[in-house]
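Asks: Sharing a structure here in structure tokens format.
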Amino acid sequence: MKRKIHIVEVDAVEVLDSRGHPTVFAQVILSDGSRGGAMVPSGASTGQYEAHERRDGDADRYGGKGVREVVESIRRDVAPILVGMEASSQQAVDSRMCRLDGTDDKHRLGANAILAVSLAFARARARSAGKPLWQMVIDGGGHQLPCPMMNVLNGGAHADNNLDIQEFMIVPYGAADVCEAIRCGSEVYHALGRLLRSRGLSTAVGDEGGYAPSLDSDEQALELLMEAIKLAGYDTDTVAIALDVAAGEWLQPDGSYHLPKAALTLSREQLIEKWVSWAETWPLISIEDPLSDDDHTGWQQLTTALGNRLLLVGDDLFVTQEPRLTAGIQKGIANAVLIKPNQVGSVSETVATVRAAKAAGYVPIMSHRSGDTEDPAIADMAIALGAPLIKTGAPCRAERTAKYNRLLTIAHDLGENARFGGSLLQLEGQR
Ligand code: PGA
Ligand code: ZN
């Protein structure tokens with residue numbers, strides 16, 4: 001009889017993320033000697049309903065951002081309940097940790113602790129089965145590689161420039177495959193760098209690897225993207241534009257929206273009108289958080305106006321949590337959901353949110369965080385969960401290229417079996 005494999009060790013280390021702030025690395029070892037390790041990312045413009053990211057708060061270490069206590073509680077509290085457990089079910093391991101935590105937002109153990117162990121366990125199981133992670137997150141996995149959404153111009157809370165919109169992305173959805181899409185994105189990114197340089201504008205990069213120059217307006221950023229696409233030899237049949245507005249940052253107590261850098265205040269209706277007119281003017285494929293996560297009436301109006309033309313993506317709106325997504329689906333708001341595993345705090349719950357999205361016809365978009373690490377797990381998860389798009393920054397900075405490089409190597413391994421998520425987006429009604 002085959003001996004059952006179980007967990008023999010759970011350990012953790014305090015390491016650094018791409019901003020140089022501490023984060024959690026966890027390791028899980030199984031009885032057959034298989035090991036899995038994982039690091040978790042950290043957001044800057046976090047949604048108010050995200051699961052809790054636990055930090056030590058000791059001002060003498062890392063300005064209070066240390067995670068030494070978190071790491072200690074993985075060793076002291078989590079390890080004893082997992083060691084000895086059979087290594088057959090992701091759901092069982094995740095539920096065990098959630099029960100130990102016992103809170104709605106994971107504030108006792110921290111979502112950063114639970115997700116690090118959850119992902120490390122997924123990797124250990126994959127090693128034990130002799131499979132890559134993308135075949136393990138859900139049984140079997142798919143063969144669809146996601147289309148990149150590359151954040152090439154930064155503004156909002158992510159940059160000290162005068163752009164109010166947080167992210168201007170290029171989406172090479174019309175490329176033949178993921179390798180050509182990454183090549184196209186990289187070429188447009190470098191063409192944009194040349195354009196900025198030729199105009200004496202800054203080519204310093206922000207947290208996600210995008211340029212962060214000061215421009216006259218958000219519209220000028222869109223004009224520059226159009227020029228860069230052309231300069232690189234592409235057109236809008238191959239490359240579309242996507243925005244992450246992060247409009248929650250603009251909402252005022254009276255329900256209006258204040259764009260701080262343009263010093264402009266708009267009513268909800270005026271903001272919706274702006275997006276409707278932009279959708280007519282620019283080759284937009286998606287707009288993320290175009291309104292605040294508390295403005296469900298505005299979301300309903302915008303979904304009615306634009307929902308059949310482009311992707312309206314809920315990030316802060318849904319925070320990767322199935323109950324919030326299900327409530328949104330019932331209200332008919334948005335038609336796509338950003339998937340950030342650390343907003344919910346475990347692999348199983350991330351899978352559940354993606355399943356709920358797909359069942360309702362909402363497009364799941366796998367995503368990094370602005371503070372990330374060299375861990376490429378989201379590239380594997382995008383494939384495993386069948387997400388047609390992945391948002392993981394510019395093709396620059398190793399914590400961003402780690403994900404693109406992972407996709408390139410998986411594409412190589414899959415060869416002719418690989419399918420490309422971008423081709424799904426050419427369907428009528430998604431643009
Ligand atoms: P964050 O930004 O990781 O700082 O939250 C990314 C986003 O808003 O999508
Ligand atoms: Zn966002």
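Asks: Determine whether residue 279 is in the same structural domain as residue 365 (by TED's automatic domain parsing), within 30 Å of residue 421 (Cα to Cα) and part of a helix (DSSP H, G or I). Show your work before the answer.
Replies: Values: in the same structural domain as residue 365 (by TED's automatic domain parsing): yes; within 30 Å of residue 421 (Cα to Cα): yes; part of a helix (DSSP H, G or I): yes.
In short, yes.
Asks: I've got another one for you. Which of the numbered conditions does residue 294 fail, given that it passes all the others? Conditions: (1) under 18 Å from residue 386 (Cβ atoms); (2) in a loop (DSSP other than H, G, I, E, B); (3) within 16 Å of ligand 2 (Cβ to nearest atom).
Replies: (1)
Asks: Would you call residue 219 open to solvent by 10 Å² or more (accessible area, probe 1.4 Å), charged (D, E, K, R) and within 16 Å of ligand 2 (Cβ to nearest atom)? Please lay out each step first, then the result.
Replies: Values: open to solvent by 10 Å² or more (accessible area, probe 1.4 Å): yes; charged (D, E, K, R): yes; within 16 Å of ligand 2 (Cβ to nearest atom): no.
No; evaluated as a whole, the condition is false for this residue.
Asks: Can you pull out the residues in region 52-107 that are touching a residue at least 60 places away in the same chain (Cβ under 8 Å), outside any loop (DSSP other than H, G, I, E, B) and within 25 Å of residue 340 (Cβ to Cβ)?
Replies: The answer is 74, 78, 82, 90, 91, 93, 94, 95, 97, 98.
Asks: If you scan region 231-275, which residues turn out to be part of a helix (DSSP H, G or I) and within 16 Å of ligand 1 (Cβ to nearest atom)?
Replies: Those that are part of a helix (DSSP H, G or I) and within 16 Å of ligand 1 (Cβ to nearest atom): 247, 248, 249.
Asks: Among 102, 84, 110, 63, which is the only one that is open to solvent by less than 10 Å² (accessible area, probe 1.4 Å) and on the phi > 0 side of the Ramachandran plot? Before the answer, list the steps.
Replies: Numbers: 102 fails: open to solvent by less than 10 Å² (accessible area, probe 1.4 Å); 84 fails: open to solvent by less than 10 Å² (accessible area, probe 1.4 Å); 63 fails: open to solvent by less than 10 Å² (accessible area, probe 1.4 Å).
That would be 110, the only listed residue that is open to solvent by less than 10 Å² (accessible area, probe 1.4 Å) and on the phi > 0 side of the Ramachandran plot.
Asks: Would you confirm whether or not region 226-239 contains a residue that is more than 16 Å from ligand 2 (Cβ to nearest atom), in contact with a Lys or Arg (Cβ under 7 Å, 6 or more places away or on another chain) and open to solvent by less than 60 Å² (accessible area, probe 1.4 Å)?
Replies: Checking region 226-239: not a single residue is more than 16 Å from ligand 2 (Cβ to nearest atom), in contact with a Lys or Arg (Cβ under 7 Å, 6 or more places away or on another chain) and open to solvent by less than 60 Å² (accessible area, probe 1.4 Å).
Asks: Also, quick follow-up: Return the residues of region 156-176 that are open to solvent by less than 10 Å² (accessible area, probe 1.4 Å) and within 12 Å of ligand 1 (Cβ to nearest atom); say none if nothing qualifies.
Replies: Passing the criteria: 165, 166, 167, 169.
Here's the yes/no breakdown for (1) open to solvent by less than 10 Å² (accessible area, probe 1.4 Å); (2) closer than 25 Å to residue 50 by Cα; (3) of a type in the set (Val, Ile, Thr):
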| position | (1), (2), (3) |
| --- | --- |
| 272 | no, no, yes |
| 292 | yes, yes, no |
| 306 | yes, no, no |
| 315 | yes, yes, no |
| 320 | yes, yes, yes |
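Asks: Report yes if some residue within region 280-288 is closer than 16 Å to residue 158 by Cα, within 16 Å of ligand 2 (Cβ to nearest atom), open to solvent by less than 10 Å² (accessible area, probe 1.4 Å) and within 26 Å of the chain's Cα centre (by Cα); otherwise report no.
Replies: Yes - at least one qualifying residue is present in region 280-288.
Asks: Being modelled with pLDDT of 95 or more, within 12 Å of ligand 1 (Cβ to nearest atom) and either aliphatic (A, V, I, L, M) or under 25 Å from residue 204 (Cβ atoms) (or both), is that true of even one residue in region 355-365? Spell out the reasoning first.
Replies: Taking region 355-365 and keeping what is modelled with pLDDT of 95 or more, we get 355-365.
From the residues that got through so far, the ones that are within 12 Å of ligand 1 (Cβ to nearest atom) too are 365.
Applying the additional criterion that residues be either aliphatic (A, V, I, L, M) or under 25 Å from residue 204 (Cβ atoms) (or both) yields 365.
Yes: region 355-365 contains one or more residues that are modelled with pLDDT of 95 or more, within 12 Å of ligand 1 (Cβ to nearest atom) and either aliphatic (A, V, I, L, M) or under 25 Å from residue 204 (Cβ atoms) (or both).
Asks: A further question follows. Here is a check on your reading of the model: is residue 249 at pLDDT below 95 and either open to solvent by less than 20 Å² (accessible area, probe 1.4 Å) or farther than 25 Å from residue 173 by Cα (or both)? Let's see the steps before the verdict.
Replies: Working: at pLDDT below 95: yes; either open to solvent by less than 20 Å² (accessible area, probe 1.4 Å) or farther than 25 Å from residue 173 by Cα (or both): yes.
Taking the combined requirement at face value, the residue satisfies it.
Asks: A further question on this structure: Can you pull out the residues in region 236-253 that are in contact with a Phe, Trp or Tyr (Cβ under 7 Å, 6 or more places away or on another chain) and within 16 Å of residue 313 (Cα to Cα)? Break it down stepwise before answering.
Replies: Keep residues of region 236-253 that are in contact with a Phe, Trp or Tyr (Cβ under 7 Å, 6 or more places away or on another chain), which gives 240-241, 243, 247, 250-251.
Across region 236-253, the qualifying residues are 240, 241, 243, 247.
Asks: Which strands (runs of 3 or more DSSP E) sit wholly inside region 1-46 and have at least 2 residues that are within 29 Å of residue 367 (Cα to Cα) and open to solvent by 50 Å² or more (accessible area, probe 1.4 Å)?
Replies: Values: elements: 7-16, 22-30, 35-39.
The strands (runs of 3 or more DSSP E) meeting that bar are 7-16.
Asks: If you don't mind, there's one more thing I want to ask. Can you say whether residue 154 is under 20 Å from residue 340 (Cα atoms), in the same structural domain as residue 397 (by TED's automatic domain parsing) and modelled with pLDDT under 95, as far as the supplied structure shows? Talk me through it step by step, then tell me what you get.
Replies: Values: under 20 Å from residue 340 (Cα atoms): yes; in the same structural domain as residue 397 (by TED's automatic domain parsing): yes; modelled with pLDDT under 95: yes.
It is true that residue 154 is under 20 Å from residue 340 (Cα atoms), in the same structural domain as residue 397 (by TED's automatic domain parsing) and modelled with pLDDT under 95.
Asks: Can I ask one more? Using beta carbons and a limit of 6 Å, which pairs, at least six apart or on different chains, have the first residue in region 200-229 and of a type in the set (Asp, Glu) and the second one more than 16 Å from ligand 1 (Cβ to nearest atom)?
Replies: 227/195
The values are calculated or read from the model by the stated rules, or taken from the named source; none is laboratory data. Please read these numbers as outputs of a predicted model, since none were measured by experiment. Glycine gets a Cβ as well: all are built from the backbone with ideal geometry, and neighbour counts include every protein chain shown. Side chains included, ligands, DNA and RNA excluded: accessible areas come from the protein's heavy atoms. Shrake-Rupley method; radii C 1.70, N 1.55, O 1.52, S 1.80 Å.
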